[in-house]
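Structure first, then comments.
The values are calculated or read from the model by the stated rules, or taken from the named source; none is laboratory data. These numbers were taken from a predicted model, which means no experiment stands behind them. Here Cβ is always computed from backbone atoms with ideal geometry, including for glycine, and neighbour counts include all displayed protein chains.
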């Protein structure tokens, strides 16, 4: 089994998963990890894995997503494994496995919400906790024949004052960039054409200020 830190961090040195989890309507399982691309922004990267109640699944990378759908039997088998992990979290609703810097977070929003945070090597975990580590490892490597590129209908655009290396873009959206500072704005996909998306930030020049702008792809029903 490959070390868990290798799977979660890849070439990433010290970036962390977003501090605030995004609510995804109808989600049963959400796995969040920091993207492995140097210079990426964890707060705007897609989730690594999402399972919805209707069996639809999403698998994300630094910027883009793939979407597919599980057969009913496949979804039921995954839910049974999730129930085992939920019980391991106990009444506290949170389970932290491994030592060192936090690297991955598994959220189980349904019914009694639970959060599982893992870091380190799952082979060193006590036997009762191994099903949780095995589930996360499987979701990190998840592949399904139904998966195909997902084209979101909209993005959550966020901006903050800051400088990135290199040049900068001009602001060409329909609202002032200041309105996206501190609160994300909904942007139709057509307006985001040609912009970096997901965990890949863009540098924007507006008046005499420079901003870091990100566009997080939204899943069905999700809001900024």
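Could you please let me know if residue 49 is under 12 Å from residue 219 (Cα atoms), surrounded by 22 or more Cβ atoms within 10 Å (Cβ to Cβ) and either at pLDDT 90 or above or out of contact with any helix residue (DSSP H, G or I) (no Cβ under 8 Å at 6 or more places or on another chain) (or both)?
It is false that residue 49 is under 12 Å from residue 219 (Cα atoms), surrounded by 22 or more Cβ atoms within 10 Å (Cβ to Cβ) and either at pLDDT 90 or above or out of contact with any helix residue (DSSP H, G or I) (no Cβ under 8 Å at 6 or more places or on another chain) (or both).
Going residue by residue through the stretch 176-183, is there one that turns out to be closer than 27 Å to residue 24 by Cβ, modelled with pLDDT under 95 and part of a loop (DSSP other than H, G, I, E, B)?
yes
Quick one: count up the residues across the stretch 98-152 that are out of contact with any strand residue (DSSP E or B) (no Cβ under 7 Å at 6 or more places or on another chain), modelled with pLDDT of 80 or more and surrounded by fewer than 15 Cβ atoms within 10 Å (Cβ to Cβ).
Final tally of qualifying residues: 6.
Report, by residue number, each residue of the stretch 201-224 that is under 19 Å from the mean Cα position of the chain (by Cα) and modelled with pLDDT under 95.
Passing the criteria: 220, 221, 222, 223, 224.
Looking at (1) outside any strand (DSSP E or B); (2) under 30 Å from residue 72 (Cα atoms); (3) touching a helix residue (DSSP H, G or I) at 6+ places or on another chain (Cβ under 8 Å), which is the only condition residue 145 fails?
Looking at each condition in turn, residue 145 falls short on (3).
Residues in the stretch 88-96: is at least one in contact with a helix residue (DSSP H, G or I) (Cβ under 9 Å, 6 or more places away or on another chain) and modelled with pLDDT of 80 or more?
For the stretch 88-96, residues in contact with a helix residue (DSSP H, G or I) (Cβ under 9 Å, 6 or more places away or on another chain) and modelled with pLDDT of 80 or more: absent.
Filter the stretch 162-175 for residues that are out of contact with any strand residue (DSSP E or B) (no Cβ under 6 Å at 6 or more places or on another chain), surrounded by fewer than 17 Cβ atoms within 10 Å (Cβ to Cβ) and either in a loop (DSSP other than H, G, I, E, B) or in contact (Cβ under 8 Å) with a residue 40 or more places away in the chain (or both) and give the result.
Listed by number, the residues that qualify are 165, 166, 167, 172, 174, 175.
Return the total of residues in the stretch 198-223 being in a loop (DSSP other than H, G, I, E, B), surrounded by fewer than 21 Cβ atoms within 10 Å (Cβ to Cβ) and in contact with a helix residue (DSSP H, G or I) (Cβ under 8 Å, 6 or more places away or on another chain). First the steps, then the outcome.
Of all residues in the stretch 198-223, those in a loop (DSSP other than H, G, I, E, B) come to 198-201, 207-208, 218-223.
In the following step, the residues that additionally are surrounded by fewer than 21 Cβ atoms within 10 Å (Cβ to Cβ) were identified as 200, 207-208, 220-223.
Subsequent filtering for residues that are in contact with a helix residue (DSSP H, G or I) (Cβ under 8 Å, 6 or more places away or on another chain) retains none.
Qualifying residue count, the stretch 198-223: 0.
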